[in-house]
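Worksheet: one structure, shown below.
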Amino acid sequence: MNGLHMRLTIALGALLLAGLLVVLASCGPGWPPSVTPEPLTEVAQPQAMPSSTAGPIVSLFQSPIQTPTPIPTPWIEPPPPTRRPTPTIPPVPTRLPTPVVTRIPTAVPPIIPLPPGEPEPYTIVYRDGSVVRAVDSDGRNDRIVLDIPTRLSRFLVDRSFLVGTWASPAPDGSRLALVASDFENLDTLPRGKQVEFAIYLLDPATRDLRLLVEDGVKPVWSPDGARIAYRSTRTQGLWVVDVATGDTQELFAVGYPETEHQADWFTWSPDAQRIAVVKNWGGVANVGGIWIVNVGNGGESRQVVSMEMNALGLEWSPTGKDVLFRSRKGERLTPGRPLSIWIVEADTGVQRQLTRNMSAGGGAPVWSPDGNWIAFAGTNLLEGEPYQYDLWLISNDGNALARLNNDPATDLNPVWTPDGQRIVFYREGDGIWDVTLRDGSLRQAWDHDVVSFLLLR
């Protein structure tokens, strides 16, 4: 029994061994997996096969199946890292181009209808620092009229104080209203000190000088020469002083110091009964609305132009109907805002825009003595850059426009001669010139570089 059991056990083991060999054979030549042997101190080299033996030489530790040599993969640049998308910016609207038109030619003489007669001579009054000087219209007899510091220990008011004109001539040319200050300019004013102003009357012929009113600036004569309108530096309102007596009266209050408004750009009606005045926004903003003030009725006033119109540069027409002013409001074809000429009817408040694409920024426009024309220095923005400041005339209804000169020189600050025959102006860097309206001729009247000047008969 024991021998039989042993034989059965051997037979069963043989069967199991045969099955295991079958399973191993089915796993292929890669089995068993190769195991890297531990390095040996000394490895026996296999015996070389005879050279006549065909086929490759196989190492004892190498599979007889040749592994194909891998084909190198070409280098491919990796894609750049993904960036966050840039936010889209809305496009900026393109400014509309300024339409360019053919240049307006110089007007053919006679430029405007004129009465018969030759142009009359005139006198140019100008300042040299704090010295008042005068010269005849032919460029002769340049003379000192008054040395202000020598006579007053004061100075002719400087532009740095931003209080407007330094002098105003009487309608008949017999006297000048001068503005003086106790400091020469803003640079000489001590910190914390308030400058003091005063208005004096000067007779150019006799050099007689007298104080008219303290704390006053921007003098403007009435057409009859009896009164002077001015702005008080104490109340910033519109006041009137009687030239003969020195009596003063405030006609138009602006609520200072509770408000920053100031009375500005005032102008008399031809009958000296009314004053047109701008109530400005205050400080350096010398623009605002327009009021008509009744001089003979205790300063009763009414508004004819809104504050938002930003009016400046008033002048009452010689006919008494209209008040001229300038504003950047109004119709235009140009991208920029030109300083346009407007007029408002004093009685009705009806406003009309005379210029649309011309900037009248070369000084205040001025009426002709008969009230039919307005002279101004400006540039036609439709003619393209560079902008050229020339002299122009426009009719009081805006229907006629005449160019007085057409050259690269910059011409500013036109003034009519008392006889209405010529227009005197400042040519930048080249003194004072005039143009005769009858024949259009240009002439240099004074070769000194004088920006601010007055005309006397």
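State the volume of the convex hull built on the alpha-carbon positions of the range 162-212, expressed per residue in Å³ and rounded to an integer.
Values: hull volume 4.2 nm³, N = 51.
About 83 Å³ per residue, rounded to a whole number.
Given a 1.4 Å probe, how much area per residue of the range 198-245 is accessible, in Å²? If you can, show how the numbers build up before the last one.
On the way: 1750 Å² over 48 residues.
Solvent-accessible surface per residue comes out at 36 Å².
Set Lys and Arg Cβ to +1 and Asp and Glu Cβ to -1, take the dipole of the range 292-390 about its Cα centre, and tell me which of Gly336, Pro318, Gly371 lies farthest positive.
Gly336
Taking all pairs of distinct Cα atoms, average 1/r, flip it, and tell me the Kirkwood hydrodynamic radius of the range 321-413 in Å to one decimal place. Intermediate values should be presented prior to the final figure.
Numbers: mean 1/r = 0.0745 Å⁻¹.
Hydrodynamic radius (Kirkwood, Cα pairs) of the range 321-413 is 13.4 Å.
Roughly speaking, to the nearest percent, how much of the range 354-457's 1.4 Å accessible area is carbon and sulfur?
Details: 1730 of 3670 Å².
Percent of accessible area from carbon and sulfur atoms in the range 354-457: 47.
For Asp203 and Arg356 in one chain, what is 0.36 nm times their gap in residues minus the Cα-Cα distance, to one decimal in nm? Please report the intermediate quantities before stating the final value.
Working: separation 153, 0.36 × 153 = 55.08 nm, distance 4.23 nm.
Contour length minus the Cα-Cα distance gives 50.8 nm.
With a 10 Å radius around each residue's Cβ, average the other Cβ atoms per peptide and rank 141-153, 107-119, highest first.
On the way: 141-153: 14.3, 107-119: 12.4.
Averaged packing, sorted descending, gives the order 141-153, 107-119.
Length gain on complete extension for the stretch Asp172 to Glu250, per 0.36 nm per residue less the alpha carbon to alpha carbon distance?
On the way: separation 78, 0.36 × 78 = 28.08 nm, distance 2.56 nm.
Computed gain between Asp172 and Glu250 is 25.5 nm.
Rolling a 1.4 Å sphere over the protein heavy atoms, what is the accessible area per residue of the range 383-457, to the nearest Å²?
Values: 3020 Å² over 75 residues.
Here the per-residue accessible area is 40 Å².
For Arg151 and Arg443, calculate 0.36 nm times their separation in residues minus their Cα-Cα distance, and state this gained length in nm to one decimal.
Working: separation 292, 0.36 × 292 = 105.12 nm, distance 3.55 nm.
In short, 101.6 nm is gained.
Expressed as a whole percentage, what fraction of the accessible surface of the range 89-225 belongs to carbon and sulfur atoms when a 1.4 Å probe is rolled over the protein heavy atoms?
Working: 4310 of 7830 Å².
Of the solvent-accessible surface of the range 89-225, carbon and sulfur hold 55 percent.
Give me the accessible area per residue for the range 255-319, probe 1.4 Å, as a whole number in Å².
I get 42 Å² per residue for the range 255-319.
With a 1.4 Å probe and all protein chains left in place, how much of the accessible area of the range 232-336 comes from carbon and sulfur atoms, in whole percent?
It is 46 percent, rounded to a whole number.
The values are calculated or read from the model by the stated rules, or taken from the named source; none is laboratory data. No experiment lies behind these values; they were computed from the predicted model shown. So basically every Cβ, Gly included, is an ideal-geometry build from the backbone, and we count neighbours across all protein chains shown. Remember, those area values only see protein heavy atoms, side chains included, never the ligands or the DNA or RNA. Shrake-Rupley method; radii C 1.70, N 1.55, O 1.52, S 1.80 Å.
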